[in-house]
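The structure under discussion appears below in the form of structure tokens.
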Amino acid sequence: MTDLQRGIPTTVELVRAVRLFLQDEVLPEAEGKLRFHARVSANVLASVERELEHGDGYREAHARRLATLGAADDAELADAIRDGRLDDRLADVVALLRESTRERVAITNPRYLAAEDEPPS
């Protein structure tokens, strides 16, 4: 969405515009090393775009999940796991780790999540 009060595009829009330029204009015409670097750059920008769009929400959800286990941050969670304080809540720990990992993968490479939805062959 464009910031109408300032009349300028948002960061997400700018990143998306550069990514689409690389994907739609540069990649089809490029060869060799330039093509490889354009593809890598477009993939990096796609990850940045997803981080800008979803990262805050994922971080907030992760903090809420940590709080339900009595941990302020990941280091405190690791300490609690290591010293056995959460041994009786293993299912909750696994659920937190599974969801937080899914959210990280959704930002870095969501194609891996699509494989979860496919029936086994």
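The values are calculated or read from the model by the stated rules, or taken from the named source; none is laboratory data. Since we're looking at a predicted model, the values are computed, not measured. So basically every Cβ, Gly included, is an ideal-geometry build from the backbone, and we count neighbours across all protein chains shown. Side chains included, ligands, DNA and RNA excluded: accessible areas come from the protein's heavy atoms. Shrake-Rupley method; radii C 1.70, N 1.55, O 1.52, S 1.80 Å.
Local charge for V40 was computed over the other residues whose Cβ lies under 13 Å away, with Lys and Arg +1 and Asp and Glu -1, and equals +4.
Remark: relative contact order (the chain) = 20 percent; criterion is Cα-Cα distance under 8 angstrom and separation of 6 or more residues. Electrostatic tally near Y58: other residues with Cβ closer than 13 Å to its Cβ, Lys and Arg +1, Asp and Glu -1, net 0.
Here the chain has 57 percent of its accessible surface on carbon and sulfur atoms, given a 1.4 Å probe and all protein chains in place.
Summing charges over neighbours of A80, with a neighbour being any other residue whose Cβ is under 15 Å away from its Cβ, gives -4 when K and R count +1 and D and E count -1. Accessible area per residue for the chain, computed on protein heavy atoms with a 1.4 Å probe, is 72 Å².
Counting only DSSP H runs of at least 4 residues, each contributing -39500 (n - 2.57), and dividing by the residue count of the chain, the helix-based mean residue ellipticity at 222 nm comes to -23000 deg cm²/dmol.
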